[in-house]
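Visitor: Please find one structure pasted underneath; my questions will follow.
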Amino acid sequence: MNPSLWMEWAPLLWKGLVTTVQVALLSGVVALFLAVLTGICRLSKYKLIRGIAYVYVMLFRGVSLLVLLFWVYFSLPALGIEFSAISAAVLAFGLNYGAFGSEIVRSSILAVPKGQWEAALALNLTPAQRMFRIILPQAVVRMLPPINNLMIELLKATSLVSFITLADLTFQSQILRGQFFGNTIELFTIVLILYFILSSCITLVARLLERKLSAGRM
Amino acid sequence: MELDWEYAFSILPTLLKGLKTALYATVVGFVIACVAGLVLALLVRVRVKVVKWVTNAFIEFVRSTPLLIQLFFLYFGLNKYFQLSAFTVGAVALGIHYSTYLAEVYRSGIDNVEKGQWEASRALNFSKGRTWTSIILPQAIPPILPIMGNYLIVVFKETPLLAGITVLEMLTRSKNILSRDWKPFEPYTMVGLIFLVLSLTMAIVFELMERRMNRRFTK
Amino acid sequence: MSTTVQEREPHAVSGGETALPIVKYNDVKKSFGDLEVLHGINLEMRPGEKIAIIGPSGSGKTTLGRMLMTLEEPTSGTIEVDGELLWHMERGGKLVRASEAHLHRMRTKIGMVFQHFNLFPHMKVIRNVTEAPRKVLGLSKEEAHERAVEMLRKVGLEDKLDVYPSKLSGGQKQRVAIARALVMRPKVMVFDEVTSALDPELVGEVLEVIKEIALEGEMAMMLITHEMDFAREVADRVIFGADGLIVEEGPPSELFENPESERLQSFLRRMN
């Protein structure tokens with residue numbers, strides 16, 4: 001244990017942490033957007049839309065995330081499609097976790113009792129109003145716990161960006177490992193704790209949202 | 001640009017060697033995860049509060065932190081004292097990481113066994129161990145087999161992370177091929193396709209298994 | 001029907017024999033998979049008429065009401081509402097399934113109260129009642145609020161505006177559901193076994209509210225019910241259905257005092 005060493009590491013770890021949070025937030029937004037979009041599409045009455053959404057979910061749940069990331073970042077340029085490291089990461093994570101989230105959205109929507117659809121129809125709400133004003137707000141409460149887990153998985157996955165030289169927390173810890181051979185256990189323990197704190201923040205936000213959204217209802 | 005099939009086939013043998021390593025790591029990691037996961041699931045049920053608390057904290061911590069850093073911690077940190085091969089450390093890390101997930105799966109399986117089964121075992125004066133091994137677990141595990149199967153796929157898809165500690169799986173081999181030939185499209189595309197085909201195949205197998213299970217359990 | 005009713009709702013044709021029916025089922029059949037639950041129903045309702053539909057469970061009563069609310073599509077036959085086909089449109093001399101737009105327009109004339117209330121749990125009572133007037137009828141916030149409060153007063157819940165449904169008793173929930181349907185001012189309303197899910201001591205308050213609405217007169221009501229006394233008291237006409245057919249119909253006095261068919265006789269014996 002060597003607190004003076006920790007102070008030496010702090011600036012680099014802090015910079016890495018900021019990048020990690022950035023990547024996680026951006027990918028999280030893309031993933032949630034895709035999850036809601038394709039989750040709803042999988043319940044569409046049009047076969048084609050359902051089919052496209054289904055293929056998307058199957059494909060991106062089936063790939064290995066790190067391989068997808070490599071493919072987007074290193075292989076696509078060969079087809080003339082180039083991404084910066086951060087956009088490659090956001091794209092790969094967004095597509096991958098969007099596919100997993102899609103299942104959560106779909107099953108939460110299906111879990112809303114049928115009577116809610118019927119009541120909304122009896123009041124003559126349009127299909128979009130039924131979905132966005134009646135069904136989805138109820139589904140969101142059910143989604144929160146599994147979405148919380150999904151976002152933690154996504155946060156953990158952001159560590160993979162170090163492979164494509166994006167200077168996140170993991171990347172910086174690798175740099176420090178090169179300089180402080182003797183203190184690797186300490187170093188990685190600190191990094192693990194930092195990730196744990198970030199995960200806890202996600203859980204905290206999810207809990208607060210859950211409490212707010214279910215206030216008075218249940 | 002299109003996939004250069006001839007080139008793709010020429011690198012296939014090397015990639016398949018990597019696949020073999022990946023599959024080994026998957027199997028070893030998954031077995032560790034299954035065993036350690038069961039131990040964790042049982043520890044959570046121990047009456048002693050400290051054991052329960054420590055186990056839960058361990059599960060929570062491992063689940064909330066990246067496998068990659070755990071790999072680094074074990075390989076670059078702890079392994080200084082053990083000097084195990086990168087492959088061994090990688091498989092162990094995979095196993096420990098996913099044991100925390102499987103602990104949850106076991107827990108749900110155990111919770112789904114009816115309370116009456118415990119009471120009946122008590123009434124028949126079975127010992128604690130006997131109750132677990134011949135009454136509870138035989139009922140708890142079959143329904144969760146498909147979910148466990150899904151984790152086998154997840155572990156398999158996580159093996160590329162072992163590239164981070166120089167294990168010669170598919171991704172490491174692709175990188176090596178890439179630095180030799182500098183053709184970036186084929187290696188990663190091939191690896192991606194191999195993962196896709198294998199994990200989708202496994203997913204279909206487990207899906208069929210699940211359907212068959214459901215039929216058996218609803219009878 | 002009294003003249004005051006006609007003043008309040010001038011387009012509602014009062015229920016003479018010559019008036020156009022507000023609802024008309026023409027040889028309506030309904031199957032679920034291979035199972036035909038309705039074998040050809042012919043039924044008319046006059047504007048403002050209150051009909052009670054009684055019969056053993058599984059006789060297709062609820063399906064009859066759900067088809068009127070467009071929740072269930074007839075397998076064959078047609079339903080007319082207010083002189084227009086409900087589920088069909090004419091195109092090139094042929095009847096085709098109606099478009100969503102047509103169904104949307106037709107639904108403005110129809111309302112429904114459900115057995116299980118189906119209140120929106122994420123909205124307070126007042127928003128349960130204002131949501132559709134605002135989003136479907138396009139009323140302003142103030143107008144919708146005013147109308148909603150009026151309806152909630154009618155069902156005796158003006159003090160529960162800012163409460164979530166979960167805090168209400170079953171009887172109160174069902175009264176909110178009635179207000180929610182009434183506020184849309186439908187011409188015909190389906191009450192689908194609205195007291196079946198209630199504890200016995202809460203049935204009375206809901207039936208009271210429905211009786212009051214029935215007395216106002218202008219809205220046609222289809223009361224699918226197991227409450228025989230209620231049917232007798234409120235309905236102008238009672239329909240007895242069994243095994244997917246209408247077995248007997250008539251004014252409550254006749255039907256309950258002198259049931260003709262063996263089916264109805266045994267049904268009434270069991271109900272008492």
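The values are calculated or read from the model by the stated rules, or taken from the named source; none is laboratory data. It should be emphasised that the depicted structure is a prediction, and the values quoted were computed from it without experimental measurement. Quick reminder, even Gly has a Cβ in these numbers, built from the backbone with ideal geometry, and neighbours come from all protein chains shown. The accessibility values were calculated without ligands, DNA or RNA, using every heavy atom of the protein model including side chains. Shrake-Rupley method; radii C 1.70, N 1.55, O 1.52, S 1.80 Å.
Visitor: For chain C, what is the percent of antiparallel DSSP beta bridges, rounded to the nearest 5?
Guide: Roughly 60 percent of the DSSP beta bridges within chain C come out antiparallel.
Visitor: Students often get this wrong: which residues of the stretch A:30-71 have the backbone nitrogen under 19 Å from the point 7 angstrom along Cα-to-C-beta of residue B:210?
Guide: A:39-40, A:42-43, A:51, A:53-64
Visitor: At R0 = 51 Å, how high is the FRET efficiency between residue A:84 and residue C:84 if r is their beta carbon distance? Nearest 0.05 is fine.
Guide: 0.30
Visitor: For residue B:144, what is the net charge nearby, where nearby means another residue's Cβ is under 13 Å from its Cβ and Lys, Arg count +1, Asp, Glu -1?
Guide: -2
Visitor: Another question about this same structure. Evaluated at 10 °C with a viscosity of 1.306 mPa s, what Stokes-Einstein diffusion coefficient in µm²/s does the protein assembly as shown have when Rh comes from the Kirkwood expression over alpha-carbon pairs?
Guide: In µm²/s, the coefficient is 53.
Visitor: How many Cβ atoms of partner chains, on average, are near each residue of A:123-132 if near means within 10 Å of its Cβ?
Guide: The mean count of partner-chain Cβ atoms within 10 Å per residue comes to 5.
Visitor: Shifting gears a bit: For the stretch B:188-207, state which residues have at least 50 Å² less accessible area in the presence of all protein chains than in their chain by itself, taking the probe as 1.4 Å and leaving out ligands, DNA and RNA.
Guide: B:188, B:196, B:200
Visitor: Ok, one more. Report ³J(HN,Hα) in whole Hz for each residue of the stretch B:115-127, in order, from the Karplus equation J = 6.51 cos²θ - 1.76 cosθ + 1.60 where θ = phi - 60°; Gly and Pro get x.
Guide: For the stretch B:115-127, the Karplus curve yields 4, x, 5, 5, 5, 5, 5, 4, 5, 8, 6, 5, 6 Hz.
Visitor: How large a share of the accessible area of the protein assembly as shown, in percent, is made up of carbon and sulfur atoms when the probe is 1.4 Å and the other protein chains stay in place?
Guide: 60 percent
Visitor: Now for a different question. Ordered by residue, what ³J(HN,Hα) values in Hz, to whole numbers, does the stretch A:75-80 give under the Karplus form 6.51 cos²θ - 1.76 cosθ + 1.60, where θ = phi - 60° and Gly and Pro are x?
Guide: Per residue, the Karplus-derived 3J(HN,Hα) values read 8, 4, x, 5, 8, x Hz.
Visitor: Ignoring ligands, DNA and RNA, how do B:153, A:190 rank by accessible area with a 1.4 Å probe, largest first?
Guide: Greatest to least solvent exposure: A:190, B:153.
Visitor: Let me ask something else. Regarding chain A, what is the average projected area of its C-alpha convex hull, in nm²?
Guide: Over every viewing direction, the Cα hull of chain A projects on average to 15.2 nm².
Visitor: Right, here's the next one. Rolling a 1.4 angstrom probe over the protein heavy atoms, how many square angstrom per residue are accessible across chain A?
Guide: 45 Å²
Visitor: In terms of Cα to Cα distance under 18 Å, which aspartates and glutamates are near enough to residue B:128, apart from those fewer than 8 places away along the same chain?
Guide: Answer for residue B:128, where 18 Å is the Cα cut-off: B:111, B:114, B:119, listed by chain and number.
Visitor: Quantify how strongly other chains surround peptide A:72-80 by giving the mean number of their Cβ atoms within 10 Å of each of its Cβ atoms.
Guide: 4
Visitor: Using only the Cα atoms of the stretch B:5-218, build the gyration tensor, take square roots of its eigenvalues as a ≥ b ≥ c, and label the shape rounded, prolate or oblate: rounded if a/c is under 1.5, else prolate if a/b is larger than b/c, else oblate.
Guide: Note, shape of the stretch B:5-218 comes out oblate.
Visitor: If you don't mind, there's one more thing I want to ask. Anything over 22 Å Cα to Cα? Flag those among A:114/C:211; C:24/C:187; A:47/C:109; A:212/B:49, in the order listed.
Guide: Over 22 Å Cα-Cα: A:114/C:211; A:47/C:109; A:212/B:49.
Visitor: In nm, give the distance between the simple-model label positions of residue C:169 and residue B:166, each being 7 Å from the Cα along the Cα-to-Cβ direction.
Guide: Using points 7 Å along Cα→Cβ, the separation is 7.7 nm.
Visitor: Under the rule of at least 5 residues apart or a separate chain, name every residue whose amide H is placed under 5 Å from the amide H of residue C:113.
Guide: Residues meeting the criterion, in which the H sits 1.01 Å from N, are C:190, C:191, C:192.
Visitor: Search the structure for amide H atoms under 5 Å from the amide H of residue C:87, placed 1.01 Å from N in the peptide plane, and list their residues when 5 or more places away or on another chain.
Guide: C:79
Visitor: Let me ask you something else. What 222 nm value per residue comes from the helices of chain B, counting each DSSP H run with n ≥ 4 as -39,500 (n - 2.57) and dividing by all residues, nearest 500 deg cm²/dmol?
Guide: -26000 deg cm²/dmol
Visitor: OK, next. Among rounded, prolate and oblate, which fits the stretch B:149-214 when a ≥ b ≥ c are the square roots of the eigenvalues of its C-alpha gyration tensor, a/c under 1.5 means rounded, and a/b larger than b/c means prolate?
Guide: Because a/c hits 1.5 or more and a/b fails to exceed b/c, the stretch B:149-214 counts as oblate.
Visitor: Of C:244, C:83, C:93, which is the most mobile in a GNM of chain C whose springs link Cα atoms less than 10 angstrom apart?
Guide: Top of the fluctuation ranking is C:93.
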